[in-house]
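A short write-up of the structure that comes next.
None of the figures in this text is laboratory data; all of them are computed from the coordinates on show. Small disclaimer: the values here were computed from a predicted structure and weren't measured. Reconstructed Cβ throughout: ideal geometry from the backbone, glycine too, with neighbour counts over all protein chains shown.
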Amino acid sequence: MGAPIVVGVDDFAESPPAAHWAAREALLRDLRLRLIHAWNPPSPEAPTLPHEDDPHYWAQRLLTDLVGELRDAHPGLRVSAELVPRETVPALLDAARDAEMLVLGSRGRGTPGGFLLGSTGRHVLAHGERPVIMVHADDRPLTADVTVGVCLRGTNEETLRFAFDAAARRGGVLRAVHAGAGAGGPGTEEVEAAGASAAADALDATLRPWREKYPGVPVAEALTSERPALGVMHTAPGSGLLVLGREETEPGPVPCLGSVIHAAVHHAPCPVAVVPCG
């Protein structure tokens, strides 16, 4: 039996759509679904509260109701749920270590503020050891196509493995985009064209072994001279999933996710998978 797909659940409106996305993914991969809700239990000295005031009661009720909703909507789904009496970030990171992926609801789309992702989301995205998928409440309609951002100066193996596998399971086209091709410094049109040509050759070489491993996956290559964050955003519309790689994050009080991941989580028109690399 494979590792489960884990969903972090809270009482915000984004949790049910994330759980339903994860349920479809679990059925697609024939995996179990595990819902977890992390909470800080009261101290032993705290007085016993009636049901209507007891956070434990409402947390358990949240999970029970969501499990019932998922079973009704996704026949055959193997799903379990549990309360985890720990701080949210450590609980999610620990659960993700033994999971195929971790799925969270995202509240970031369309807002100019830079910190709506929240401390929990930033830390989990920055330090998760397995792929983390951020799902917006209005990520519809679903399509089979997958977009993947390719960095020609970094490690792409885990990112491309995840993206090709996702496209193969869905029966969709894989759109591989490299942004920034031929741009960056002053020069003649011939110099810029030469840079774009070299980037095209490098992108083709990067994708070639994965095309051979997944011959049934149609691949559309895209090069753009836009900044990476904009180039990826402009390629993603029409896809059902955007896959991005995440290099190892330096420890610090405020994790730095990079401009592409930051922009994608807040503005991408579809769920975003952030895959740790290296």
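With the crude spin-label approximation of a point 7 Å out along Cα→Cβ, what separation in nm comes out for residue 98 versus residue 71?
Rounded to a tenth, the inter-label distance reads 2.2 nm.
Mind ordering 237-248, 81-92 by average Cβ neighbours within 10 Å, highest first? Kindly include the intermediate steps, with their values, before the conclusion.
On the way: 237-248: 21.4, 81-92: 16.6.
Descending packing order for the listed peptides: 237-248, 81-92.
May I ask you to order 126-137, 26-37 by the average number of other C-beta atoms within 10 Å around their residues, highest value first? Don't jump to the answer; show the numbers that get you there.
Values: 126-137: 21.7, 26-37: 19.4.
Descending packing order for the listed peptides: 126-137, 26-37.
Place the peptides 4-15, 260-271, 63-74 in order of packing, highest mean first, counting for every residue the other Cβ atoms within 10 Å and averaging per peptide.
Details: 4-15: 20.7, 260-271: 22.2, 63-74: 15.0.
So the peptides 4-15, 260-271, 63-74, ranked by packing, come out 260-271, 4-15, 63-74.
Taking amide H positions as placed 1.01 Å from N in the peptide plane, with prolines and chain starts having none, which residues 5 or more places from residue 175, or on another chain, fall under 5 Å of its amide H?
Sorted by chain and number, the residues that satisfy this are 146, 147, 148, 220.
Using 0.36 nm per residue of separation minus the Cα-Cα distance, give me the extension gain between residue 212 and residue 248 in nm, one decimal.
Working: separation 36, 0.36 × 36 = 12.96 nm, distance 2.81 nm.
Between residue 212 and residue 248, full extension yields an extra 10.2 nm.
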